[in-house]
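Below is one structure, written out as structure tokens; comments come after it.
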Amino acid sequence: MTTETLRSDSEDTTIALGKEFASRLRLGDVVALYGDLGAGKTEFVKGICSYFEVEQLVTSPTFTIINQYDGVFPDGDAVKLYHVDLYRIDSQEELAEVGFDDCVFAHDAIKLVEWSEKAEHLLPAAHYTVHIATDAIEDTVRQITLGYQTLPIGATKL
């Protein structure tokens, strides 16, 4: 996996970094977001949605689990974005009940998954990762590590 580490010292910077990152995304992509409560995952998602000119209010779908936003690529083509928050999901049965498997493999949308560690076994082999951590010295600073996860050829996912 190749990684890149960025630094954010504000919510606005985190949003701007999300917007910059979004230029890499294409239909079918999955972005797995990791980080503690309040780390900035939703702010990063707001930046991604800003890039795609989403007009809806972007909030964490903690209780609804999945929000769908409508946006556009820079070339004007429409795009759906699924914003998934698995914080309140406690079992594989709950993942199935909310339709996570169908959502994450939708080829006609970009999927942004917060608390993705709860469903790592269901993520496609190739996906982006975003790890957001509070700096050990300055609690207002975030270290944002971007990566692209793939499995070696011939490997199977458990």
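Computed from the coordinates by the stated procedures, all read-outs in this text should not be read as laboratory data. Remember, it's a predicted structure, so these values are computed and weren't measured experimentally. Ideal geometry is used to build each Cβ from the backbone, glycine not excepted, and the neighbour counts take in all protein chains shown.
In a residue-by-residue description of the stretch 39-60, the property of being without any contact (Cβ under 8 Å) to a residue 24 or more places away in the chain and among the small types (Gly, Ala, Ser) applies to no position.
Can you pull out every residue in the stretch 20-37 that is out of contact with any strand residue (DSSP E or B) (no Cβ under 8 Å at 6 or more places or on another chain) and either within 12 Å of SER116 (Cα to Cα) or not hydroxyl-bearing (Ser, Thr, Tyr) (or both)? Those that are out of contact with any strand residue (DSSP E or B) (no Cβ under 8 Å at 6 or more places or on another chain) and either within 12 Å of SER116 (Cα to Cα) or not hydroxyl-bearing (Ser, Thr, Tyr) (or both): GLU20, ALA22, LEU37. Is the stretch 73-90 home to any residue that is under 13 Å from the mean Cα position of the chain (by Cα), closer than 22 Å to ILE15 by Cα and among the acidic types (Asp, Glu)? Checking the stretch 73-90: at least one residue is under 13 Å from the mean Cα position of the chain (by Cα), closer than 22 Å to ILE15 by Cα and among the acidic types (Asp, Glu).
Report the residue count in the stretch 39-72 for those that are closer than 15 Å to VAL113 by Cα and out of contact with any Ser or Thr (no Cβ under 6 Å at 6 or more places or on another chain). Show your work before the answer.
The first filter runs over the stretch 39-72 and keeps only residues closer than 15 Å to VAL113 by Cα, leaving 39-49, 58-69.
Now restrict to residues that are out of contact with any Ser or Thr (no Cβ under 6 Å at 6 or more places or on another chain): 39, 41, 45-49, 58-59, 61-69.
Going through the stretch 39-72 one residue at a time, the tally reaches 18.
Could you say whether any residue in the stretch 62-79 is within 23 Å of ILE144 (Cα to Cα), polar (S, T, N, Q) and in contact (Cβ under 8 Å) with a residue 40 or more places away in the chain? No - not one qualifying residue is present in the stretch 62-79.
Taking the conditions exactly as written (without any contact (Cβ under 8 Å) to a residue 60 or more places away in the chain and within 20 Å of ALA16 (Cα to Cα)), does ASP139 satisfy them or not? Walk me through how you get there before you give the answer.
On the way: without any contact (Cβ under 8 Å) to a residue 60 or more places away in the chain: yes; within 20 Å of ALA16 (Cα to Cα): yes.
Yes.
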